[in-house]
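A quick write-up on the structure given underneath.
The numbers here are math on the coordinates, done by the rules we state, and not lab data. On a predicted model such as this, the values are computed, not experimentally measured, just so you know. Ideal geometry is used to build each Cβ from the backbone, glycine not excepted, and the neighbour counts take in all protein chains shown.
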Protein chains: 2
Amino acid sequence: MILEERVAVPVSRPPIRLMVVIGSVRPGRLGLAVALWVHESVAKFGGFDVDFVDLAELDLPFMNEPKHPKHREYRHKHTIAWGERVDAADAFLFVAPEYNHSYSPALKNALDYLHHEWQGKPVGLVSYGDLAGGTRGVTALRPVLSALAMVGTESNVEIPYVARQIDDGFFEPTDRQADKLTLMLDELGRLSPALRSVRGATLLTA
Amino acid sequence: MILEERVAVPVSRPPIRLMVVIGSVRPGRLGLAVALWVHESVAKFGGFDVDFVDLAELDLPFMNEPKHPKHREYRHKHTIAWGERVDAADAFLFVAPEYNHSYSPALKNALDYLHHEWQGKPVGLVSYGDLAGGTRGVTALRPVLSALAMVGTESNVEIPYVARQIDDGFFEPTDRQADKLTLMLDELGRLSPALRSVRGATLLTA
């Protein structure tokens, strides 16, 4: 019996395509400063190709497809374009505000447009708000992400009293927030390739 | 000691202004048929002046006011008009769909635009969907209604497999659904005047 020799070989992995989504479209939104911090942190972390999606620029109308997205029969150009963009992503990071103890309509609407394109992909959440740090928005979002068969990361960033950490459009994270974001990016980097084999599996039964 | 004599005097109450809102704006929405049944039932019940709000016609953009609605300093005409319309209502009835195990973005967006205009007013929900009858959308909506200090009715209508009850654009209710709607309208009729005295109370501390 020959003992196998295990040699550490440097594996050149293709970068993971990470879509960062700003969940607020409101003028004066504080999420933009948070998203810019996230964007910078992802670049520093390395290993990701980032697609930065500003839902205000994307400007999707309220879901206006007549067929359920499970059929993937899109009538509108905006849906086809959004579908292709989400399809191309391996992982997601949502910068999520909290409105009235729940999530933002713009983020949910962007999710509702598609179905298969989200499935079997990991998602991390950076939530912000006042006292609750956007956590009620995240709690309301969980069943939605679950319905779309997305896989949430264990580490998420919660930012209470976010306005106090923003100066002149720049967000200054605490060490804990920066550490949590690093943990999340690490998880996204491990979950994304791990989940690749299950992607599309439910397409067969849809 | 003189015993009071209680005499039943017919009280002429002004009608309650009930706003019925269709929570879906999607082409082909089944909620329209449900809302038409609701509208007809309210007319038969009597005692309500109905303001029928089709969010598709109202066509609010995603919340684009720079100031929190608590300040009631609206910049846009659409917000001022919506605020006046909601202000004029004494009670609400939302016909609420369920998308991805939660509420519709259009309904939440219409709620997010305002604050004081909703407070201390009763709201009943007619939810519809497939297996779950839209109940997960209602469950997600509850904390939102609570954050807006609205008062939910005990009786609500839940409609599972709604498509089976719609024929040629007309919704055919079961006896149970019709009874529940009657109970809800009765509650709205009693809650609305009862709550009148607390309306505006929290304005002082906002």
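Can you tally the net charge around B:MET184? Count Lys and Arg as +1, Asp and Glu as -1, for every other residue whose Cβ sits under 12 Å from the Cβ of B:MET184. Overall, the nearby charge balance is -3. Mean separation of Cα pairs under 8 Å and 6 or more residues apart, divided by the residue count, gives chain B a relative contact order of 22 percent. Chain A has one residue whose beta-carbon comes closest to the axis relating it to chain B; that residue and its distance in whole Å are A:PRO105, 2. Amide hydrogen proximity for B:ASP51: with H placed 1.01 Å from N in the peptide plane, the residues at 5 or more positions away or on another chain lying under 5 Å are B:LEU18, B:MET19, B:VAL20.
Name the shape class, rounded, prolate or oblate, that the alpha-carbon gyration tensor gives for the stretch B:91-206, where a ≥ b ≥ c are the square roots of its eigenvalues, rounded holds for a/c under 1.5, and otherwise prolate holds if a/b is larger than b/c and oblate otherwise.
On the way: a/c = 2.74, a/b = 1.58, b/c = 1.74.
Since a/c reaches 1.5 but b/c is at least a/b, the shape of the stretch B:91-206 is classed as oblate.
Neighbouring Cβ atoms from other chains, within 10 Å of the Cβ of residues in B:65-72, number 2 on average. Counting only aspartates and glutamates at least 8 places from B:LYS44 when in the same chain, those with an alpha carbon closer than 20 Å to its own are B:ASP90, B:GLU172, B:ASP175, B:ASP179, B:ASP186, B:GLU187. Placing a label point 7 Å from the Cα of A:LEU131 along the Cα-to-Cβ direction, no residue of the stretch A:15-56 has its backbone N under 13 Å from that point. Inter-copy label distances at A:THR182, shortest first and taken from points set 7 Å along Cα to Cβ: 6.7 nm.
Reducing the stretch B:112-166 and the stretch A:79-124 to their Cα centroids gives an inter-centroid distance of 24 Å. The alpha-carbon of B:LYS67 sits under 16 angstrom from the alpha-carbons of these lysines, leaving out residues fewer than 8 places away in its chain: B:LYS77.
When chain B is treated as a GNM with alpha-carbon contacts under 10 Å, the residue of B:ARG142, B:ARG13, B:ARG196 showing the greatest mean-square fluctuation is B:ARG13. Kindly identify the stretch B:1-120 as rounded, prolate or oblate by the Cα gyration tensor criterion: order the square roots of the eigenvalues as a ≥ b ≥ c, call it rounded if a/c is under 1.5, otherwise compare a/b with b/c, prolate if a/b is larger, else oblate. Note, shape of the stretch B:1-120 comes out oblate. In this simple spin-label model, placing a label point 7 Å from the Cα along the Cα-to-Cβ direction at both B:ARG142 and B:ASP54 gives a separation of 3.3 nm. Label points for B:PRO160 are taken 7 Å from Cα along Cα→Cβ. From this copy to the others they lie 4.1 nm apart, shortest first. Other residues within the sphere of radius under 9 Å centred on the Cβ of B:GLU73, judged by their own Cβ, net out at +2 (K and R +1, D and E -1).
Does chain B come out rounded, prolate or oblate by the C-alpha gyration tensor, with a ≥ b ≥ c the root eigenvalues, rounded set by a/c under 1.5 and, if not, prolate when a/b is larger than b/c and oblate if not? Each step should come with its number before you reach the end.
On the way: a/c = 1.91, a/b = 1.12, b/c = 1.70.
It comes out oblate by the Cα gyration axes.
Springs between Cα atoms under 10 Å define the GNM used for chain B, and in it the highest mean-square fluctuation of B:ALA89, B:ALA35, B:ALA43 occurs at B:ALA43.
Rounded to the nearest 500, what is the 222 nm mean residue ellipticity of chain A from helices alone, with -39500 (n - 2.57) per DSSP H run of 4+ residues and division by all residues? Please list the in-between numbers first.
Details: 6 runs with 72 residues, N = 206.
After summing the helix terms and dividing by the residues of chain A, the value is -11000 deg cm²/dmol.
Residues with beta-carbon under 11 Å from that of A:ARG85, excluding A:ARG85: net charge, scoring Lys, Arg +1 and Asp, Glu -1? Around A:ARG85, the charge tally is -3.
The H on the amide N of B:LYS121, modeled in the peptide plane, is under 5 Å from the matching H of B:VAL151, each at least 5 residues off or on a different chain.
Computed from phi, the 3J(HN,Hα) profile of the stretch A:45-53 under the Karplus parametrisation 6.51, -1.76, 1.60 (θ = phi - 60°) reads 5, x, x, 10, 8, 9, 10, 8, 9 Hz, with x in place of Gly and Pro. What you get for chain A, charging only the Cβ of Lys and Arg (+1) and of Asp and Glu (-1), is a dipole of about 640 debye around the Cα centre.
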